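Worksheet: one structure, shown below.
Since every read-out is calculated from the coordinates, none of them should be taken as a lab result. Since the structure is predicted, the reported quantities are computational estimates derived from the model, not experimental observations. Ideal geometry is used to build each Cβ from the backbone, glycine not excepted, and the neighbour counts take in all protein chains shown.
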Amino acid sequence: MLCANGSDELLRMICTAFLPPGGSAAACYPTYSLYEVLVEIQNATMTWIDWPGDYSLPADELAGAKAAVTFLANPNAPTGTLVSPPAVSDLAGRLNGLLVVDEAYADFAGSSCLGMVGRHENLVVLRTLSKGYSLAGLRFGFAVASAGVIDGLRKVKDSYNCDAISIALACAAVSDQGHMRTNVGRVVAERDRLTRELRARGWDVPDSRANFVLARPPDGQARRRYEALKQRNILVRYFDQRRLDDRLRITVGTGPDNDALLAAIDEIR
Ligand SMILES: *Cc1c(COP(=O)(O)O)cnc(C)c1O
């Protein structure tokens, strides 16, 4: 295991250590936008494989890309969808390069690939306290991988990347699993209610295992709704890009937050 200044730092270290300039990385589209930025900084190229409509893992295409580093956010952002651990394990076995399973939202999923690290030398699982523990400002993440991978990351690590205060607070946070699970339980219950309510209004919402939902209004007019919600001081994410510009990524709020969102959606029409 290796701790870092958020999992973003681990992603950067992975690219520095394992992605040679001119080399290739692969990921499913759409996903977390930082992967592409880091690949470009490394002067490497990204091969994008579109997620199929049912968000099942396109393992043949990913294996065919023969990338030095393959990124998989699981649950994925901004779709919220989850790939099952057996499917991830199967992919890891078929790749020669490194498979990075970014589990930023795993606390909300009740599913993790941490347990299969011992079986795959080329698998690195990233976790963070930013989402499930609500501690994004703390900047604390960790990587779990084989000794060979961790050694490679250590070589490119800043000597003192985690300060004493963040380490002390991260230890306190992970020691209190009850607190995290109570919060996660609230988010999950509200996520599932929000999903049901949006579907009842004709919105298309894939099952989310994260702390947000990606929802398509019946007419696909997402930008208009984004603007109208913003006018009402309700902030959701709108991505003006392929496969996302007809939907909104809505972070799960408290019960009253979500009620306000649903009421606004009914009002906007
Ligand atoms: C938030 C997020 C991260 C970054 O987490 P930090 O630990 O705050 O750097 C990484 N990957 C995904 C998919 C995220 O959503």
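Taking the criterion of being away from the ligand (no atom under 14 Å from the Cβ), more than 25 Å from Leu114 (Cα to Cα) and not polar (S, T, N, Q), the residues of the stretch 1-47 that qualify are Pro20, Pro21, Gly22, Gly23, Glu40, Ile41, Ala44, Met46.
Does the stretch 52-71 hold any residues that are surrounded by 15 or more Cβ atoms within 10 Å (Cβ to Cβ), free of Cβ contacts under 8 Å to residues at least 60 places away in the same chain and either of a type in the set (Ser, Thr, Tyr) or under 14 Å from Ala87 (Cα atoms) (or both), and which are they? Within the stretch 52-71, Leu57, Pro58, Ala59, Glu61, Leu62, Ala63, Thr70 meet the criteria. Within the stretch 148-183, the set of residues being touching a Gly at 6+ places or on another chain (Cβ under 7 Å) and surrounded by fewer than 11 Cβ atoms within 10 Å (Cβ to Cβ) is empty. Gly80 fulfils the conditions (1) within 14 Å of the ligand (Cβ to nearest atom); (2) under 21 Å from Ala4 (Cβ atoms); (3) small (Gly, Ala, Ser) except for a single criterion, (2).
Would you confirm whether or not the stretch 121-129 contains a residue that is surrounded by fewer than 18 Cβ atoms within 10 Å (Cβ to Cβ) and more than 13 Å from the ligand (Cβ to nearest atom)? So far as the stretch 121-129 goes, yes, one or more of its residues are surrounded by fewer than 18 Cβ atoms within 10 Å (Cβ to Cβ) and more than 13 Å from the ligand (Cβ to nearest atom).
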